[in-house]
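Down below is the structure, laid out as structure tokens.
The values are calculated or read from the model by the stated rules, or taken from the named source; none is laboratory data. Because the structure is predicted, anything quoted here is derived from the model rather than measured. Every residue, glycine as well, gets a Cβ built from its backbone with ideal geometry; the counts of neighbours run over all protein chains shown.
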Amino acid sequence: MAVTLIPSKAPNLPIAPVDYSQLYIDQFSNALRLYFAQVDNFTQASVIPNSGVTANRPINTGSPKLQTGQYYFDITLGIPIWWSGANWVNASGATV
């Protein structure tokens, strides 16, 4: 199973002012939120398989949750499928 991982990039943190500034705290928090969202996406991609047999398809219970659009190559069917948010679907949108 080959998984392509896109490494995260450290955030450009805003320079702190001498005096307290709510705007600075908001910008700092936002930069960290975006960075950790990248880290979450990176680690999630490394634990959800992207191919296998039908019986081993990832299910949307537990952690990590499947993302809408999550790709999986079903070896049993011989086709790529995607998670619609509710079901696995093929390229035409039919549930498989």
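As a summary of the residue check, S51 satisfies the conditions (1) surrounded by 14 or more Cβ atoms within 10 Å (Cβ to Cβ); (2) among the small types (G, A, S); (3) free of Cβ contacts under 8 Å to residues at least 24 places away in the same chain except for the one numbered (3). Annotation for the range 54-72: at least one member residue is part of a loop (DSSP other than H, G, I, E, B), modelled with pLDDT under 95, under 30 Å from V96 (Cα atoms) and touching a helix residue (DSSP H, G or I) at 6+ places or on another chain (Cβ under 6 Å).
Output the residues belonging to the range 64-96 that are over 16 Å from the mean Cα position of the chain (by Cα) and not aliphatic (A, V, I, L, M). Hits for the range 64-96 are F73, D74, T76, G78, P80, N87, W88, N90, S92, G93, T95.
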